[in-house]
Structures are given as structure tokens and as C-alpha cells.
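What follows draws every value from the coordinates through simple rules; no lab data is involved. Just so it is clear, the model here is predicted, and its values are computed rather than measured. Cβ sites come from the backbone with ideal geometry, for glycine too, and all protein chains shown count toward neighbours.
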Amino acid sequence: MKSTLKYTAKAAKKDLEEALNGMDSYLRFLAESGCRGFNCSTESLQKIEAWGHKNSPCAETLEDVRMDLGDCRRCKLSEGRKNIVFGAGDPNARLVFVGEGPGYEEDQRGEPFVGAAGRLLTKIIEAMNYTREQVYICNILKCRPPDNRNPMPDEIKACSPFLRRQISSIKPDFICALGTFAAQTLLETSVPISKLKGRFHEYMGIKVLPTFHPAYLLRNPGKKRDVWEDMQKLMKALGH
Ligand code: URA
């Protein structure tokens with residue numbers, strides 16, 4: 001028993017030395033990187049505490065994200081676009097719709113989902129007893145791919161940090177992923193939409209319900225019933 005205690009004290013001393021050495025090298029690293037001290041004021045600690053909380057004055061706003069996006073030239077889609085389609089709706093929405101990318105009309109107007117597919121999406125939103133202004137609508141890509149071709153990996157890579165930041169700023173309770181492309185990109189999977197739809201998944205800790213894209217519904221009106229069933233699941237989860 002005695003020898004065990006002695007050993008434990010020795011081990012504790014060793015651990016402490018290791019911790020102090022680690023802290024020493026970390027502080028040296030910070031000093032070499034230009035750090036000149038820490039602000040431990042109450043105000044500073046309160047700011048850190050507030051990070052990530054909804055409506056925190058320190059959280060990044062959608063305007064901050066939009067400003068950082070600027071006149072984006074991060075990928076080749078910037079060459080052919082007329083307007084960046086950032087997103088529209090309530091910056092505190094509980095529900096965010098994510099589509100694929102702007103089409104012709106969206107590119108012309110700088111607004112998401114304002115063409116034929118958009119008019120159908122508006123009807124779906126209104127059938128859920130919301131208005132477009134009460135939800136947030138955006139896309140995986142903010143610039144129109146030429147001839148509405150599928151987005152390319154480098155374009156998604158350049159654009160997705162901005163979608164992440166939009167979602168972090170809004171902090172919705174639910175995301176509705178519209179169509180194959182949005183669902184597969186958000187969920188990082190190649191599982192077909194028919195298998196993903198109608199069930200809740202997760203993106204950044206937020207519940208994601210994939211469903212068919214409204215453009216697909218325009219070509220396959222028989223699938224509207226499926227989408228309505230998915231929307232009813234969403235409404236129930238939202239407490240309606
Ligand atoms: N299709 C999309 O995926 N997004 C739009 O904004 C318009 C059409």
C-alpha cells in the first residue's frame with residue numbers, strides 16, 4: 001500500500017512536469033507567433049461565452065458573410081454570371097431550404113428560386129403555412145453554372161464555406177435539401193435521393209430532410225404527393 005502511494009506521488013510529479021513543459025513550449029510558440037498576452041477581462045470572457053448562441057451580438061451575421069463573399073472570383077462560374085445569388089429570407093429562420101444553384105431567372109434577378117421551379121417552391125412553402133419571408137432560401141452554389149449543367153467539385157469546394165457560414169449564422173432548426181445535388185452535397189454521400197428523402201439526417205448538428213427538387217416535380221407531377229408527405233413530417237417536427 002505504502003509503495004503504491006509513493007509510486008502515485010512520483011507519477012503525479014512526472015505528469016505535472018510534463019504538463020508544465022507542454023505549457024511552456026506552447027507559450028513560447030505563441031510568443032514566437034506574435035502573441036503579446038491574453039485579455040481575461042469580464043467583457044472578453046462574456047464574448048467568448050456568447051459565441052455560438054443564437055442572436056449573440058458576436059456571432060457572424062449574414063451581412064458579414066455577404067460582405068466577405070464580395071464580388072466573388074473564387075471559381076470560374078464568376079465569369080459567366082450576371083448576379084451572385086446569395087440567399088433570401090429571414091436571417092433567424094427556423095427552416096432553411098437549400099437548392100442546387102441559380103438558373104437563368106435567378107441569375108438575372110439575383111434571387112433564389114424565382115423561376116418556374118421557384119414558383120412551385122413558393123406554393124409548397126405557402127401550403128406549409130409559411131411565407132417566403134419567414135423561411136430562408138439559398139443554394140449550394142451562388143453562381144449559375146452555364147446551361148444549367150451540374151456543379152463541378154472545384155465550384156462546390158469554393159462555394160461551400162459560404163453556405164456553412166450562412167447556416168452557422170442562421171442556426172435553423174431544420175434544413176430541407178431540395179433534390180439530389182443539395183442532399184448529396186450536404187450529407188456527403190452518393191446515396192440516391194429516392195433513398196435519402198423523407199428521413200431526417202444531419203448537417204452541422206442540424207436536422208436535414210431531403211426531398212425531391214421542385215424542378216423534378218414539374219417534370220413528374222405524380223411525385224408531388226411524396227413531397228407533400230415529406231413537408232408534413234417537417235411541419236410536425238416544427239410543431240405545426
Ligand atoms: N433551382 C435551384 O436549385 N435553385 C434555384 O435558385 C433555382 C432553381
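The table for this structure:
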read-out	value
Relative contact order (%) - criterion: Cα under 8 Å, at least six apart; region: the range 87-171	41 percent
Candidate lysines for bridging to LYS10, where Cα separation is under 28 Å - those fewer than 8 sequence places away on the same chain excluded	LYS2
ARG109-ASN220 pseudo-label distance in nm [points 7 Å out on the Cα-to-Cβ vector]	2.7 nm
For the chain, the longest site-free run once trypsin sites (Lys or Arg not before Pro) in DSSP loop states with at most 12 other Cβ atoms within 10 Å are removed	74-148
FRET E, pair GLU126, CYS40, Förster distance 41 Å, beta-carbon r, rounded to 0.05	0.20
Rg over Rh [alpha-carbon atoms, Kirkwood Rh] for the chain	1.16
Mean separation of Cα contacts under 8 Å (6+ apart) over length of the chain, as relative contact order %	18 percent
Cross-link pairs beyond the 18 Å C-alpha cut-off, checked among LYS76/LYS142; LYS123/LYS195; LYS157/LYS207; LYS171/LYS197; LYS171/LYS223	LYS123/LYS195; LYS157/LYS207; LYS171/LYS197; LYS171/LYS223
